[in-house]
Structure formats: structure tokens, C-alpha cells
Amino acid sequence: QVQLVESGGGLVQAGGSLRLSCAASGSIFSINAMGWYRQAPGKQRELVATITTGGSTNYADSVKGRFTISRDNVKNTVYLQMNSLKPEDTAVYYCLFRGPYVRYWGQGTQVTVSS
């Protein structure tokens, strides 16, 4: 089992920045990728960014150039640096650690961007 603990959400004005963290504990040897997803009210959960254990990254078009995903393999932590935030970025953000046969989700952290 893997336990994920997210932190870093909050309220920020448009144009501001936030950094989300997701720390994993437990048996993560089967994990080969991590990611961030978000879900706004009334909408489906959507991909924000992913990073593999090899360091390859992928971003949703809506966040390219503004968000950066990174990881610390020693701390078993994945980060999401969010810059130039927009009101449409408001959502609950979830981290995901996944392997070939497993998926683990964080509890979610609220990000609210005011205009």
C-alpha cells in the first residue's frame, strides 16, 4: 500500500503562484509515474501534468508554460509549481502515483484563484 499526503493548496489572486506537494510513504517500488489531476465543480477530473520515474513530463495544453511538475526521488515527493494562475485553474487538485497494476490517489487539495 502507498499513502499520499498533499499540501500547498490555498487562495491566491490571479497572476500569483502556488506550489503543491505530494509525499508518498509505503511500498512505492512498483510506481513508475506520478501526476497531478484536477476537478472543478461540475466538471470531470482532468489531467494537469505527469512525470515518469525517468523524468519524462507531459502537460495539459491549458497549463503549458505556467505549471512545472517535478519529483524528488529521495523524499518520494512530487511537486507542482503553478505560476501565472488564472481563475479557471480553480479546482481540487489530486496527486496520483501509478504503476502497471496499481493507482494511488491523494486526498485532494483545494486551489482557489480569485480574479
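Counting chymotrypsin sites (Phe, Trp or Tyr not before Pro) as exposed when in a DSSP loop with at most 13 other beta carbons within 10 Å, what is the longest stretch of the chain free of them?
30-100
Starting from the Cα of LYS43, draw a straight line to each of the aspartates and glutamates and keep only those under 14 Å, dropping any in the same chain fewer than 8 residues away.
Partners found: GLU88, ASP89.
Can you check what the net charge comes to around ASN83, using other residues whose Cβ is under 14 Å from the Cβ of ASN83 (Lys, Arg +1; Asp, Glu -1)? Mind dumping the intermediate values first?
Working: positive: ARG19, LYS64, ARG66, LYS86; negative: ASP89.
Net charge in that neighbourhood comes out at +3.
For LYS75, go through the aspartates and glutamates and keep the ones whose alpha-carbon is under 15 Å away, minus same-chain ones fewer than eight residues off.
Of all the aspartates and glutamates, those that pass the test against LYS75 - Cα under 15 Å, at least 8 places apart if same chain - are GLU6.
Can you give the accessible area of SER27, probe radius 1.4 Å, in Å² rounded to 10?
We get 50 Å² for SER27.
The values are calculated or read from the model by the stated rules, or taken from the named source; none is laboratory data. Predicted model only: the values in this text are computed from it and were never measured. Virtual Cβ from ideal backbone geometry, glycine too; neighbours counted across all protein chains shown. All accessible areas refer to the heavy atoms of the entire protein, side chains included, with ligands and DNA or RNA removed. Shrake-Rupley method; radii C 1.70, N 1.55, O 1.52, S 1.80 Å.
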